[in-house]
Amino acid sequence: MRPEVKHLLSITDLGRDEIEEVLHTAASFEAIGEREIKKVPTLRGRTVVNLFYENSTRTRVSFEIAAKRLSADVINVSSSASSVEKGESLRDTAKTLRALGADAIVLRHPASGAPALLARFTDAVVINAGDGSHEHPTQALLDMYTVQKHFGSLEGLRIGIIGDIAHSRVARSGALGFSRMGARVFVIAPPTMIPVGVRAFGCTELTELDPVLGQLDVVYLLRLQRERHREPLLPSEHEFWATYGLTRERLVRLKDDAVVMHPGPMNRGVEIDWDAAESSATLVEAQVSAGVAVRMALIYLLMGGQATAEVA
Amino acid sequence: MFVLKGGRVVDPASGVDRQLDVRIDGDQVVEVGSSLDGKGVDCRGAIVAPGFVDLHVHFREPGGEDAETIESGSRAAAMGGYTAVCPMPNTDPPQDNAAVVDYVWRRGREVGLVDVYPTGAVSAGRRGEALAPMREMYNSVARVRMFSDDGDPVPTARLMRRALEYVSAIDGVIIEHAEDPSLRDGQMHEGDVSAVLGLAGLPAASEEICVVRDIALARMTGARLHIAHISTAEAVDAVRRAKAEGIRITCEVTPHHLALTDEAVRTFDANFKVAPPLRSQRHVDALKEGIANGTIDAIATDHAPHPAHAKDKEFDYAPCGMVGLETALGVVLTELVDPGIITLERAMDMLSVAPATILGAPDHGGPVAPGHPANLVVFDPEETWTVDAMALTSRSRNTPFSGRKLRGRVIHTILRGEFSVRDGEIDHG
């Protein structure tokens, strides 16, 4: 990594070479996860704080396992147990954590841009674990890792991201990341869920799924982020399901080698059919297990490791 | 008695633009001419102009003294070359009755650095329901003739109609913060940048909808309407058409909407959060065009101080607003005069004469002529300086121009013949 890449706030902080470096390093870490003793001493004595202002089991546990496999000390701070509820500002929380010796802070926050704010207040490495409707760059990295592992390369793949694009940090990081790696990204959603200015993601916007469904290599489904909706954006879930859901009928129309992905949690019957979620085409579990290796790679590289070093 | 010697007098009110001496005796200009004798203040190389008038500031007193007070705001205004300012009524309690506007006006006089003309609220409590006692505020010592619920739009056409009708009796003016109430649930201008940042968007159409509604009501009532901090191409176009039709409408633009775009928000720095939001380059270009073709009448700062702890927050949670009194001249010269969009004379008109006329304050906005109050600014049009947020006179530091190089800086500000600022510092004498 270039020395100026101190934090991961947005997937665009990484150039194509750096994304490849993370994915390559993740491959060596994935092998560690298959051993009986799944731990390396790389970050012994370093402290990683998981600072989570939103509930998340999947992402927090993934980061926790990743840091622990690198032998870092891991502290989990969640908003329900923290001083946030006593009115402490992000600045003061950052200073406190730094004074306590945090070397890296993994931040999940409901406000877009909170990691950028945190990075101004701390010397620690800041990793964005999802901020508002902005980005979720480690999700994009693990998705790229999963797709690359499956197809061998990302170049030229047709990736359809379907659903609540406007409120999805996964969609932003994914569209920006996949297109940076040479894939062709389509965002497919009702117009009320496509943000004005979406072309800035480097993708093609479509309001119909059916005409492109059979051409997609990756069908990437998103859940409806009702908690972020400030006004009605859909007449009904049923209408969404009928037009954009991965129904059984649509499942059989996928390309033979197409894969189905979802960042979780899935809402079966809203964006994905039960059978589709269970089908052999889904890479959902592969995504989850890639998450640990990719986050190990990222933490390792941001905390001073070299891609060329013997990580195992 | 003293003489401002050798300065270039730029006075749009009298059409003068040449090197002249200005003799001041007591609170008045008594003589303007060449080679006047007497105790002199050397103004060679400087511009002498009518003191600036700001139709739109927030001084936060009463109720928000942590951000600004009438005293600190007056100091910031004087430092920026202003001799008159109009604080908006979103104080706590609001300036929605005679007692509060009297207090603000009197406090301004006590501080004595700048004339403080409070703007009254349109609606009682700024709640957008019933009319505030506008006549009572007009009859007070503050003689309020400008009314606004600024910070919020007048929410309904029904209330706006009655407000316009009501103030026509005193030739008052309603100042509109033009954003459609149902399209205000956002954080920044809606466009390419908001898409990438995942911040909720405020569409440009929100302003246009409100401006077009108000124009229809101004046409219907024949009353005076002033659009605050206009920020979009479509709203400028609507105002241009309304003026051509003879509707009594004026508008102002802020320095920040001219000098900055939504690109600035990419840092997520809440010092760039403001309402209406910083727009895209297309809108900035249209604002400059609207200035060049005369659609936009005045520069107003919308000086909106907030304490550091309020701005030092997640973008979603920070309040809107930027300080601007001390940087307005520099931004106007750098963004409008230097590139040749307007002349220096027109810049002085937009900073002084036009706003004084909208306010209806005959003591301000010139002319620089015998028998008129000596409310003047003297500035160096060449001095280049770098904005340092920590060095501002305002109690708050939420400038969007921190680190920016500006050309043009105030040397002296003179209020009724007395220096409020001398040699770039507040004059305590």
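The values are calculated or read from the model by the stated rules, or taken from the named source; none is laboratory data. Since this is a predicted model, take the numbers as computed values, not measurements. Because the Cβ atoms are built from the backbone with ideal geometry, glycine has one as well, and the counts that use them run over all protein chains shown. These accessible areas exclude ligands, DNA and RNA; they are computed on the full protein's heavy atoms, side chains included. Shrake-Rupley method; radii C 1.70, N 1.55, O 1.52, S 1.80 Å.
Here are a few things to note about the model shown:
- Amide H contacts of A:Asn50 (H built 1.01 Å from N, in plane; Pro and chain starts excluded): A:Ile75, A:Asn76, A:Val77, A:Val106 sit under 5 Å, all sequence-distant by 5 or more or on other chains.
- Cut-off 11 Å (backbone N to label point 7 Å along Cα→Cβ of A:Asp257), residues of segment A:139-182: A:150-153
- Sequence-ordered 3J(HN,Hα) estimates for segment A:56-71 from the Karplus curve with 6.51, -1.76 and 1.60 and θ = phi - 60° stand at 6, 8, 3, 5, 5, 5, 4, 5, 5, 4, 4, 5, 5, 5, 8, 6 Hz, glycine and proline given as x.
- Helix axis angle, B:157-168 relative to chain B longest principal axis, alpha carbon, degrees: 30
- Three principal axis extents of the protein assembly as shown based on alpha-carbon atoms, in descending order, are 96, 55, 46 Å.
- Whole-Hz Karplus values for segment B:185-194 come out as 8, x, 10, 7, 3, 7, x, 4, 6, 4 Hz, taken residue by residue from phi with 6.51 cos²θ - 1.76 cosθ + 1.60 and θ = phi - 60°; glycine and proline positions read x.
- Calculated FRET value between A:Thr12 and B:Ala130, using beta carbons and R₀ = 35 Å, to 0.05: 0.10
- Computed accessible area, B:His309, all protein chains, 1.4 angstrom probe, square angstrom: 120
- Distances between placed amide hydrogens fall under 5 Å for B:Phe2 paired with B:Ile24, all partners being 5 or more residues away or on another chain.
- Per-residue ellipticity at 222 nm, computed for the protein assembly as shown from helices alone with -39500 (n - 2.57) per DSSP H run of at least four residues, works out to -9000 deg cm²/dmol.
- Most mobile of A:Ser168, A:Ser280, A:Ser153 in a GNM of chain A (Cα contacts under 10 Å): A:Ser280
- Point-to-point label distance, A:Thr247-B:Asp27, nm (Cα→Cβ direction, 7 Å offset): 8.0
- C-alpha long axis of helix B:281-292 to longest principal axis of chain B, angle in °: 50
- If you run the Gaussian network model on chain B, springs between alpha carbon atoms under 10 Å, then out of B:Ala300, B:Ala157, B:Ala374 the most flexible one is B:Ala157.
- For the protein assembly as shown, the antiparallel share of DSSP beta bridges with both residues in that region comes to about 35%.
- Rounded to 5, the percent of DSSP beta bridges in segment B:51-364 classed as antiparallel: 5
- Probing with 1.4 Å while keeping every protein chain in the model, the per residue accessible area of chain A equals 41 Å².
- Taking the protein heavy atoms of segment B:161-241 in the context of the full set of protein chains, the accessible area attributed to carbon and sulfur is 50 percent at 1.4 Å.
- Computed with a 1.4 angstrom probe on protein heavy atoms, the A-B interface buries about 1700 square angstrom of accessible area in total.
- Taking 26 Å as the limit for the C-alpha separation, the pairs A:Lys6/A:Lys86; A:Lys38/A:Lys255; B:Lys273/B:Lys405; B:Lys311/B:Lys405; B:Lys288/B:Lys405; A:Lys149/A:Lys255 exceed it in the case of A:Lys6/A:Lys86; A:Lys38/A:Lys255.
- Viscosity 1.306 mPa s, 10 °C: Kirkwood-radius Stokes-Einstein D of segment B:109-250 over Cα pairs, µm²/s: 99
- Amide H to amide H distances under 5 Å link B:Val323 with B:Ala304, B:Asn398, B:Thr399, where only residues 5 or more positions off or on other chains count and H is placed in the peptide plane.
- Straight-line reach from A:Lys39: taking Cα to Cα under 22 Å and skipping same-chain neighbours fewer than 8 places apart, the lysines in range are A:Lys68.
- Hydrodynamic radius of segment A:46-203 per Kirkwood, over alpha carbon pairs, in Å: 16.7
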